Amino acid sequence: MDAGLTLTTNMALVFGLLGFTVLMLVLEWIRADLVALLVIVVIGITRLLPVEQLFEGFAGNAVISLIAVMIMGAGLDRTGMLGKAAAVILRLAGGVETRVSLLINGMVGSLSSVIQSQALSALFLPVVSRVSSRTGLPLKRLLLPMACMILCGTNVTMISNSPLILLNDLIASANRNLPPGAQTIQTFTLFSIAPIGIPLLLGGLAYFALFTKRLFPGDEEDRQKVTPGRTETYFAETYGIDGDVLELLVTTDSPLVGMSVGEVEQLRGAPLILALKTGNEARLAPPTDQMIWVGSVLGVLGKREAVNEFANTQLCQVQTRLRNFADLFNPTRAGISEAVIPPNSRWIKQSVGDLRLRKTHGISVLAVNRGEQVFREDVRNVALRAGDTMVLHSFWRDLAQTAESHDFVVVTDYPKEEQRPSKIWHAAFFFTLAMSLGLFTDIRLSIAMLVGAVGMLLTGVLNMDEAYGAINWKTIFTLACLIPLGWAMDSTGAAAWIAQEVLVYMGNWPQWGLQAVVAIITLLCAQVVSNVGATVMMVPMAINVALASGGNPSIYALIVAISTSNVFIMPSANPVIMIVAGPGGYRRRDFLRVGIPLTFVMLTIMLVAVNLVFGRS
């Protein structure tokens, strides 16, 4: 690094853009992907990077690798491989809590080394729910450890999370801006970080094996209470949704005649309307604008006494048994389920009513759970947030089809057919082939991963529409547009200037001390901005700190990428943690009690392992 580097106009522009990006990501006034698009536009207008380099992120190794990994993960899920994983856990565990927990944590930790973390958490949520309901083990003791182990396992390979996929591209950018005569910074191959990732994985397994019961204390009575069989008792205790499914016949004198379903639901004491039959047409989840006429039959859910009172007031007849809706309410065809809103959902900030789920998807929203608050009254006006848990009633078929959009993640274990079980060996072969090419050949990682993805498409594991649907385009755009910000920090000298100022105060510190400071700053950044944003900001600075202090820049860059992935303290800091927060019924103190010690354990193991494996330059 040059001595006596002075702050330039371009550096100031980069710092201003960096500050704006952090502020927008924290306040969430603008969507993260739109913020990233704005960043790339500003960089282009201000000429902080050459125009021909500006859009290289979209065709970069990181973005193509991530797209291929998402497609392969969807292919593995489509063949039912993860359903088989749940069966293996149940068979091997035998209902013993410590064994169940160890098997789940070990399995997700291992799989997260090759499957993207957010996708894996969404896929395993119903799997763990199934295990919990069939063994009677508390979901609270299974979900958060599972999510944490997914994050611990993402450090075994270079393809399982965005920061590590992005790392080599940022190192390549740093190499382009090295001073003359400086040694080229080494990039990482697919499994080159396994000697660091495996100790982190084992450390996480040991942590939860030893302390799970202390972290989530509870006696046998509590255990049974929180077990989510997703039964009528569970929904009654958790959401107050209880009673019987009854039929109401609308008579000639009923004031309901000529009213819409939405208007009836606003009446005092109205039960939940789950179905409507008018003439010969019966449907589940009737739209709010569907009209009610003489002879219409309402399928409602509520306590019998309350339903009888409502029927008397509205001059309706209560049928003694299900004559019209017995087939619709068959539990093998329809039922109540829970679903979580993930951070990348298009439904965020939209009200339940605006989504028109009844009309477009045949799904009724019965309640919304947000932390310790349950919305049941006027649920149509509730604006959804990331992490909200919705209680839904629908046909299982409609639920499965709507879940394909990835706008919610179904928690409940519900009856569904595996779509392509006959393709399981095709998926396994091409996945193994992609891993082998990345490990044993000098083919670029993006090409190796594409071999697996294209192979699954050609053999019918997925079709092209399903492949497009499997890609989280918000993540892709955010990643591709923020990469140039990291390049601008390098090319303008902004990262080198920060490193210079840091070493004014810490120049005499030992390497392990500097590495610890870099890791802690990165951890703090990752708590308030996305892991991609923290990586883009911190890797250029960390590399320049290493160059100026005589350290190994590869080690410093790797420390940043790993630190941005191991964020366990705040559920909002990582989508993997956020997805399990609602279904597990966790409170803020649960995340602090679990996350703070685990963060310290991971930090210690990481610093020791990277120095033992890679040494110092």
What's the center-to-center distance, using Cα atoms, between the stretch 290-334 and the stretch 18-53 in Å?
-> 54
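Roll a 1.4 angstrom probe over the protein heavy atoms and tell me the percent of accessible area of the stretch 404-480 that is carbon or sulfur. Display every interim value, and only then the final one.
On the way: 2590 of 3970 Å².
Here carbon and sulfur together make up 65 percent of the probe-accessible area.
Tell me, what % of the accessible area of the stretch 258-299 is carbon and sulfur with a 1.4 angstrom probe?
Values: 890 of 1840 Å².
Of the solvent-accessible surface of the stretch 258-299, carbon and sulfur hold 48 percent.
From largest accessible area down, sort 349, 213; use a 1.4 Å probe on the protein chains. Before the final figure, lay out the partial values.
On the way: 349 140, 213 110 Å².
Most to least solvent-accessible, the answer reads 349, 213.
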Degrees, to the nearest 10: 117-135 long Cα axis against longest axis of the chain | 50
Inter-probe distance in nm under a simple model that places probes 7 Å from Cα toward Cβ, at residue 30 and residue 211 = 4.0
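Local charge sum around residue 358 (other residues, Cβ-Cβ under 13 Å, Lys/Arg +1, Asp/Glu -1)? Before the final figure, lay out the partial values.
On the way: positive: 283, 356, 359, 380; negative: 265, 289, 354, 398.
Summing Lys and Arg as +1 and Asp and Glu as -1 gives 0.
What whole-number value in Å² describes the accessible area per residue of the stretch 346-461 for a 1.4 Å probe? Provide the component values of the computation, followed by the final result.
Working: 5870 Å² over 116 residues.
Here the residues of the stretch 346-461 average 51 Å² of exposed surface.
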Could you point to the label whose value was computed as semi-axes √(5λ) of the Cα gyration tensor in Å for the structure here, given [x] 76, 27, 24; [y] 61, 31, 20; [z] 49, 26, 23?
-> [z]
Helix 9-27 versus the longest principal axis of the chain: what is the Cα-based angle in degrees, 0 to 90, to the nearest 10?
-> 20
Acute angle (nearest 10 degrees) that the helix 162-176 long axis makes with the longest principal axis of the chain, alpha-carbon atoms = 30
Before rounding to the nearest 500, sum -39500 (n - 2.57) across all DSSP H runs of length at least 4 in the chain and divide by the residue total; then give [θ] at 222 nm in deg cm²/dmol.
-> -18500 deg cm²/dmol
Potential lengthening between residue 84 and residue 589 on full extension [0.36 nm per residue; Cα-Cα distance subtracted] | 178.4 nm
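With every protein chain kept in place and ligands, DNA and RNA left out, what is the accessible area per residue of the stretch 261-321? Probe 1.4 Å, answer in Å². Intermediate values should be presented prior to the final figure.
On the way: 3150 Å² over 61 residues.
Value returned for the stretch 261-321: 52 Å² of accessible area per residue.
The values are calculated or read from the model by the stated rules, or taken from the named source; none is laboratory data. Since the structure is predicted, the reported quantities are computational estimates derived from the model, not experimental observations. Cβ sites come from the backbone with ideal geometry, for glycine too, and all protein chains shown count toward neighbours. SASA here: full protein model, heavy atoms, side chains in, ligands and nucleic acids out. Shrake-Rupley method; radii C 1.70, N 1.55, O 1.52, S 1.80 Å.
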